[in-house]
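Visitor: Let me give you the structure first, and then I'll get to my questions.
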Amino acid sequence: MVGSFGDNVFQVSDKAVFTFQNLQSSATSRWAAHEVINGKPCSQFLGPGLRKVSFEISICASFGVKPRETIDKLTKKVESGAVDFLVIGGKPISNNPFSLKDVSATWGEVFSGGELYSAKLSLSLEEYV
């Protein structure tokens, strides 16, 4: 097992290849600027911002993953507002869970009867506190 996001397990095995690539994460801070007469504004640290993570998933039926089912499952997660922990290498990315904010799917080959054979997904997550 490479990692997981809730019940979506990223893995490479003899039965399935379901993993991510191009993972990007960002951490931010929040600041306020207080105006000062005849001087520069004073900066005040308010606290950390929410972490954001994005990555891509390439899925193919020949690697034991059903693209259409995966797209539907992740779309339902976006639309329901579900939150889960993002775990990579046995360690959570944050002490807090993440909400799945966006899923974009690019369909690859489609076989007769409309069966989707491959797809590329882009996922955007945001820390949920």
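Visitor: Quick test of your reading of the structure: Q11 fulfils all but one of (1) farther than 16 Å from V103 by Cβ; (2) touching a Phe, Trp or Tyr at 6+ places or on another chain (Cβ under 6 Å); (3) assigned to a loop (DSSP other than H, G, I, E, B). Name the failing condition by number.
Guide: Tallying (1) farther than 16 Å from V103 by Cβ; (2) touching a Phe, Trp or Tyr at 6+ places or on another chain (Cβ under 6 Å); (3) assigned to a loop (DSSP other than H, G, I, E, B), Q11 fails exactly one: (3).
Visitor: On to the next question. Looking at the structure I just gave you, is A82 under 18 Å from S58 (Cβ atoms) and either open to solvent by less than 60 Å² (accessible area, probe 1.4 Å) or of a type in the set (S, T, N, Q) (or both)?
Guide: On the way: under 18 Å from S58 (Cβ atoms): no; either open to solvent by less than 60 Å² (accessible area, probe 1.4 Å) or of a type in the set (S, T, N, Q) (or both): yes.
Here the answer is no, as A82 does not meet what is asked.
Visitor: Identify, please: which residue in the stretch 111-128 is modelled with pLDDT under 95 and open to solvent by 70 Å² or more (accessible area, probe 1.4 Å) and is, among those, nearest to V65 (Cα to Cα)?
Guide: E115
Visitor: Oh, and also: Quick check, is F18 under 12 Å from the mean Cα position of the chain (by Cα) and modelled with pLDDT under 95? Show your work before the answer.
Guide: Numbers: under 12 Å from the mean Cα position of the chain (by Cα): no; modelled with pLDDT under 95: yes.
Here the answer is no, as F18 does not meet what is asked.
Visitor: Given K66, K101, K91, K73, which one is in contact with a helix residue (DSSP H, G or I) (Cβ under 9 Å, 6 or more places away or on another chain) and within 17 Å of N8 (Cα to Cα)?
Guide: Exactly one of K66, K101, K91, K73 is in contact with a helix residue (DSSP H, G or I) (Cβ under 9 Å, 6 or more places away or on another chain) and within 17 Å of N8 (Cα to Cα), namely K101.
Residue-wise test of (1) touching a residue at least 24 places away in the same chain (Cβ under 8 Å); (2) farther than 27 Å from Y128 by Cβ; (3) crowded, with 17+ Cβ neighbours inside 10 Å.
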position	(1), (2), (3)
S25	yes, no, no
A33	no, yes, no
P41	no, yes, no
S62	yes, yes, no
I93	yes, no, yes
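Visitor: Let me ask another. Evaluate the stretch 50-59: report whether one residue or more is free of Cβ contacts under 8 Å to residues at least 24 places away in the same chain, surrounded by 15 or more Cβ atoms within 10 Å (Cβ to Cβ) and of a type in the set (S, T, N, Q). Can you show your working first?
Guide: Within the stretch 50-59, the first condition is being free of Cβ contacts under 8 Å to residues at least 24 places away in the same chain, and the residues that meet it are none.
No: zero hits.
Visitor: Which of the residues that make up the stretch 14-23 are open to solvent by 50 Å² or more (accessible area, probe 1.4 Å) and not in a strand (DSSP E or B)?
Guide: Within the stretch 14-23, D14, K15 meet the criteria.
The values are calculated or read from the model by the stated rules, or taken from the named source; none is laboratory data. A quick note: this is a predicted structure, and the numbers were derived from the prediction, not measured. Positions of Cβ are backbone-derived with ideal geometry, glycine not excepted, and every protein chain shown enters the neighbour counts. Surface accessibility is based on the protein's heavy atoms, side chains included, excluding ligands, DNA and RNA. Shrake-Rupley method; radii C 1.70, N 1.55, O 1.52, S 1.80 Å.
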